[in-house]
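The values are calculated or read from the model by the stated rules, or taken from the named source; none is laboratory data. Just so it is clear, the model here is predicted, and its values are computed rather than measured. In this analysis, Cβ positions are derived from the backbone assuming ideal geometry, glycine residues included, and neighbour counts consider all displayed protein chains. Areas reflect the complete protein model, heavy atoms only, side chains present, ligands, DNA and RNA absent. Shrake-Rupley method; radii C 1.70, N 1.55, O 1.52, S 1.80 Å.
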Amino acid sequence: MTKSYSEKALIPEFNSKTKDLPKPLVERCPTIIEKFNRTYGTKPDFIARSPGRVNLIGEHIDYCDFSVLPSAIDVDMLCAVKVLDEKNPSITLTNADPSFAQRKFDLPLDGSYVTIDPSISDWSNYFKCGLHVAHSFLKTLAPERFTGAPLVGLQVFCEGNVPTGSGLSSSAAFICAVALAVVKGNMGPDYHMSKQDLMRITVVAEHYVGVNNGGMDQAASVCGEEDHALYVEFKPQLKATPFKFPQLKNHEVSFVIANTLVVSNKFETAPTNYNLRVVEVTTAANVLAATYGVVLPSEKEGSSINKGNLRDFMNVYYARYHNISAPWNGDIETGIERLTKMLELVEESLANKKKGFSVDDVAQALNCSREEFTKDYLTTSPVRFQVLKLYQRAKHVYSESLRVLRALKLMTTAKFATDEDFFRQFGALMNESQASCDKLYECSCPEIDQICSIALSNGSCGSRLTGAGWGGCTVHLVPGGPNGNVEQVKKALIDQFYKVKYPNITDTELENAIIVSKPALGSCFYES
Ligand code: NG1
């Protein structure tokens, strides 16, 4: 069942008088207010909150503008904030986790942006990303006020329980909470921010720390709704439509999230992992375009390598060879047909170099010099590689995008004779996604493979990595409710994976490693 999507929907706001406060606020607001008080000797004015997310299916396709199916989860980041008077245009940041040391910096008096140095890995950089996008938004909201004058100063106390480096988007949770805090802090209590605005401004925020991510994490964190998954579309417009899983006869639909506890530092591994994949799929789109004699649009808003992507190739190919000038509008059946065609083209034109393309091969295919290719594709962020695996990466992106459409079709139109039918069909898509991430995109790791195989042998119907991969978390579709397999899957993972791989693991660590989460509320605001 789908809820309609409204561009005007506002970020939910609560206060101490609200009846039925959402669970994360009830549980955590009093303690963070107390900790703020102990740190700054005063009460905060408000708390901005944004959660982590789990991606159910659709991995590494958001930066090609293909739709994804995540949901927000219970773990989150809270930022308690006190707005300072105009004599104090500075930011002080304290984190409840002592491994993130306190930071303080001044806000430029002339209203210019705070500088972000992406070459250093410091937690305050993520704050500055949220600050930057909020600042730029404020300049469009009230140009006369935010030009030539500083933002208001803030004292901030941050407390989060999204495990970092685990593929559950701790960074998006932080950045979205910060952006909301900065906008509210500067505009005051009478300004109510829309979800659409917060999502739109935060999707590109991590580009300022050198991660060329797509916008899935921020969309899910901002727009999450209890008991709903989100269908996030990036084109023709950014949109997150909430929908419920089908009502089954004897089971609930549960997702078990299991952390490999292998931390993948996105920033440090970007040159060989995440950013390299962005380069590979962008190059693949351009090699396909050159092969079929079409030109991709460039100078795209929100894109870090302005060279078009695999969705653009699909559109220009259909314009040229099928005379369909309007880009694909997201319709499921049309998408299935076109993506299937794209997979044929990938076989036809890239499969002859399954071992990978050298820089010379690519330059030849694009009819440019090595130097031009290097300048246009390899300098935005540093990357390191022997060959570019264009065939494998393009095949993953098109087949994964197809799986997302099939999953959505299952959710929205299919009727299931038995509960098993649903679990089998949705689970198969998740398993195919994992195989593609592993074999074609090479973003799995031995621990992910091991956890998936244990879960599948013990009652999971579909198991895969979630998020960027190379460590981090896995997600498992498990029949839930009294007749379900959730406890059985958890026990098997504890006995066969965690206690074997991490013999000294504590009970608390184990408790945090396996999360059975229901889709949760997205960003929200609490006036204290
Ligand atoms: P994680 O690593 O879970 O935050 C990353 C990207 C997403 C998306 C996934 C892969 C960032 C901030 N996020 O997610 O946009 O591309 O990988 O599907 O890099």
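Between beta-carbons, use under 12 Å as the cut-off and find the net charge around R28, counting Lys and Arg +1, Asp and Glu -1. Charge balance in the 12 Å sphere: -2.
Annotation for L21 and E34: the two label points, set 7 Å from Cα along the Cα-Cβ direction, are 1.3 nm apart.
Which value in deg cm²/dmol, rounded to the nearest 500, describes the helix-derived mean residue ellipticity at 222 nm for the chain, given -39,500 (n - 2.57) per DSSP H run of n ≥ 4 and division by the residue count? Let's see the in-between values first.
Values: 17 runs with 215 residues, N = 528.
Computed mean residue ellipticity for the chain: -13000 deg cm²/dmol.
In this structure, the amide hydrogen of V162, modeled 1.01 Å from its nitrogen in the peptide plane, lies closer than 5 angstrom to those of D76, counting only residues at least 5 positions away or on a different chain. Is the C-alpha gyration tensor of the range 329-438 telling us rounded, prolate or oblate? Criteria: a/c under 1.5 is rounded; beyond that, a/b larger than b/c is prolate, otherwise oblate. The shape class here is prolate.
The charge dipole of the range 471-528, taken about its Cα centre with unit charges on the Cβ atoms of Lys, Arg (+1), Asp and Glu (-1) only, comes to about 240 debye. What you get for the range 397-436, charging only the Cβ of Lys and Arg (+1) and of Asp and Glu (-1), is a dipole of about 160 debye around the Cα centre. Loop-located GluC sites (Glu not before Pro) in the range 240-322 (DSSP state other than H, G, I, E, B) with a sparse environment of at most 15 neighbouring Cβ atoms within 10 Å: E299, E301. On a C-alpha basis, how far is the centre of the range 39-70 from the centre of the range 243-322 in Å? Whole number, if you could? So the separation of the two Cα centres works out to 19 Å.
For the chain, with all protein chains present and a 1.4 Å probe, just round the carbon and sulfur fraction of the accessible area to a whole percent.
50 percent
Scanning the chain for long hydrophobic helices, with DSSP H runs required to stretch 18 angstrom or more by C-alpha along their axis and to average at least -1.0 on the Kyte-Doolittle scale, returns 23-40, 123-141, 170-187, 274-291, 332-350, 390-412, 419-439.
Evaluating 6.51 cos²θ - 1.76 cosθ + 1.60 at θ = phi - 60° for every residue in the range 10-16, the Karplus couplings come out as 9, 4, x, 10, 9, 8, 5 Hz, glycine and proline recorded as x. PRE reach from D421 (point 7 Å along Cα→Cβ): which of the range 387-407 fall under 17 Å by backbone N? Inside the label zone: 407. Along the charge dipole of the chain, Cβ charges K/R +1 and D/E -1, which of T115, G130, N212 sits furthest on the positive end? Result: N212, furthest along the dipole toward the positive end. Protein heavy-atom accessible surface, 1.4 Å probe, per residue over the chain: 41 Å². Available extension along the chain between T379 and K341 is 10.5 nm, counting 0.36 nm per residue and deducting the alpha carbon span.
Rg/Rh for the range 142-227: what does it come to with C-alpha atoms and Rh from Kirkwood? Display every interim value, and only then the final one.
Details: Rg = 14.1 Å, Rh = 14.4 Å.
With Rg and the Kirkwood Rh in hand, the quotient comes to 0.98.
Partners of K87 within straight-line reach, counting lysines whose Cα lies under 20 Å from its Cα and excluding those fewer than 8 residues away in the same chain: K43, K104, K184.
Percent of alpha carbon pairs in the range 211-301 separated by more than 23 Å? Could you put the intermediate results ahead of the total?
Numbers: 2138 of 4095 pairs.
Percent of Cα pairs beyond 23 Å in the range 211-301: 52.
List the equivalent ellipsoid semi-axes of the range 354-419 in whole Å, largest first, each obtained as the square root of 5λ for an eigenvalue λ of the Cα gyration tensor.
Numbers: eigenvalues 310, 29, 21 Å².
After diagonalising the Cα gyration tensor, the semi-axes are 39, 12, 10 Å.
Pairwise Cα separations in the chain fall into 10 Å bins from 0 onward with the following percentages, short to long: 4, 19, 28, 27, 17, 6, 0.
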